[in-house]
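Accompanying notes for the structure given below.
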Amino acid sequence: MAEESILNRVVSIISFYNRYGKELRAETGLVNDLGLDSLDIVQLVQDIEQSFDLEISDGEITSKNFGSVADVCTLVAGKLDN
């Protein structure tokens, strides 16, 4: 799947959690900019798993993988390549 397609899909999913109406860009922080909490992240993981038909392990739910929109895209792209 092309990177732009992944980005568009991830942004679409994350937009549901965008309570403050901030512009979503690759560098947008999920916690710092959007104010997501741990429950939001768990729900986001479930939405991403369903949308991309993949599985994200508990060990992969880290600030490195879910720090920004770009981090999520990198994780998804890596899983789709495997």
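Among (1) within 16 Å of Thr74 (Cβ to Cβ); (2) exposed (fewer than 12 other Cβ atoms within 10 Å of the Cβ); (3) of a type in the set (D, E, K, R), where does Arg25 come up short?
Of everything listed in (1) within 16 Å of Thr74 (Cβ to Cβ); (2) exposed (fewer than 12 other Cβ atoms within 10 Å of the Cβ); (3) of a type in the set (D, E, K, R), Arg25 misses just condition (2).
For the stretch 28-50, enumerate the residues that are surrounded by fewer than 17 Cβ atoms within 10 Å (Cβ to Cβ) and touching a helix residue (DSSP H, G or I) at 6+ places or on another chain (Cβ under 6 Å).
Listed by number, the list holds a single entry, Asp47.
Just need a number here: residues in the stretch 64-82 that are modelled with pLDDT of 95 or more and more than 18 Å from Asn8 (Cβ to Cβ).
4
Could we say that Ile56 is surrounded by 13 or more Cβ atoms within 10 Å (Cβ to Cβ), more than 9 Å from the chain's Cα centre (by Cα) and closer than 22 Å to Met1 by Cα here?
Criteria met by Ile56.
The values are calculated or read from the model by the stated rules, or taken from the named source; none is laboratory data. Just so it is clear, the model here is predicted, and its values are computed rather than measured. Using ideal geometry, Cβ is built from the backbone for each residue, glycine included, and neighbour counts are taken over all protein chains shown.
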